[in-house]
1. Does residue 71 satisfy being in contact with a helix residue (DSSP H, G or I) (Cβ under 8 Å, 6 or more places away or on another chain), in contact (Cβ under 8 Å) with a residue 40 or more places away in the chain and over 22 Å from residue 176 (Cα atoms)?
2. Quickly run through region 174-184 and pick out the residues that are within 9 Å of the chain's Cα centre (by Cα) and within 16 Å of the ligand (Cβ to nearest atom).
3. For region 71-97, give me the residue count where each residue is buried (at least 23 other Cβ atoms within 10 Å of the Cβ) and either assigned to a strand (DSSP E or B) or more than 10 Å from the ligand (Cβ to nearest atom) (or both).
4. With respect to the numbered conditions (1) under 21 Å from residue 138 (Cβ atoms); (2) away from the ligand (no atom under 16 Å from the Cβ); (3) buried (at least 20 other Cβ atoms within 10 Å of the Cβ), which one is the sole condition not fulfilled by residue 68?
5. Can you name every residue in region 157-173 that is of a type in the set (A, V, I, L, M) and either within 9 Å of the ligand (Cβ to nearest atom) or outside any strand (DSSP E or B) (or both)?
6. Within region 118-125, is even one residue in contact with a Leu (Cβ under 6 Å, 6 or more places away or on another chain), surrounded by 18 or more Cβ atoms within 10 Å (Cβ to Cβ) and among the aromatic types (Phe, Trp, Tyr)?
7. Pick from 193, 189: which is farther than 24 Å from residue 43 by Cβ, in contact (Cβ under 8 Å) with a residue 40 or more places away in the chain, buried (at least 21 other Cβ atoms within 10 Å of the Cβ) and within 15 Å of the chain's Cα centre (by Cα)?
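Throughout, read-outs are computed from the coordinates displayed, never taken from laboratory work. Here the structure is a predicted model, which means the values were calculated and not measured. Note that we place each Cβ from the backbone using ideal geometry, even for glycine, and neighbour counts take in every protein chain shown.
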Amino acid sequence: MKLPVITWTVCVLGLIGLFAWLGTGLVPVAPKTEQGKALIGGDFALIDANGTTRTARDFRGQYMLVYFGFTHCPDICPTSLLLIENAMNSLGPKAEKLTPIFITLDPERDTPEIVGTYVKNFGDRWVGLSGSAEQIRAVADAYKVYYSKAEEKDSALGYVIDHSGFMYLMGPDGAYITHFPHSIAQQTLTEGLNAAIK
Ligand code: NI
């Protein structure tokens with residue numbers, strides 16, 4: 001009677017193993033993650049302060065830290081750019097591998113020249129980009145950035161741009177690595193960049 005028990009055990013274990021193997025094939029966890037990553041970012045065509053068209057491919061070989069906002073932003077944008085600049089100043093040689101990029105969500109007011117001048121207030125390494133309303137919409141959609149024009153008739157600004165505030169870290173191959181919220185602590189951002197940049 002002992003042999004049949006062993007045979008049954010082998011059969012049951014074999015079946016469990018077979019289903020587990022089939023299961024891994026049916027639930028492709030790793031490819032799903034890669035697909036999710038590929039959904040943020042991609043190529044873009046925007047205009048820099050010199051009037052030159054810049055694409056994401058121009059930055060291959062460099063990490064990019066991409067932030068979207070507008071130059072009239074009273075608080076969150078300047079705070080975020082300062083956080084990034086401070087983090088870069090703490091990164092040592094690794095900072096040379098990283099290009100900080102500011103993309104305006106207000107192409108109506110933020111010409112490429114205005115954006116270019118604005119970012120240089122934060123540091124020499126910054127690249128400021130603008131473009132047509134369609135170009136900005138396309139890159140914002142690619143990065144899953146929310147933005148919306150909000151009239152403020154009582155304000156001297158006339159309108160502001162409500163927008164999400166994430167810093168997107170893209171790898172030297174242009175692929176999305178991670179993102180950081182604008183509310184991140186200075187040290188956490190510095191450590192996050194230091195860990196991600198190889
Ligand atoms: Ni802002």
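1. Yes: the conditions hold for residue 71.
2. Passing the criteria: 179, 180.
3. The qualifying residues number 3.
4. (2)
5. 157, 160, 161
6. yes
7. 189 is the lone residue from the list that is farther than 24 Å from residue 43 by Cβ, in contact (Cβ under 8 Å) with a residue 40 or more places away in the chain, buried (at least 21 other Cβ atoms within 10 Å of the Cβ) and within 15 Å of the chain's Cα centre (by Cα).
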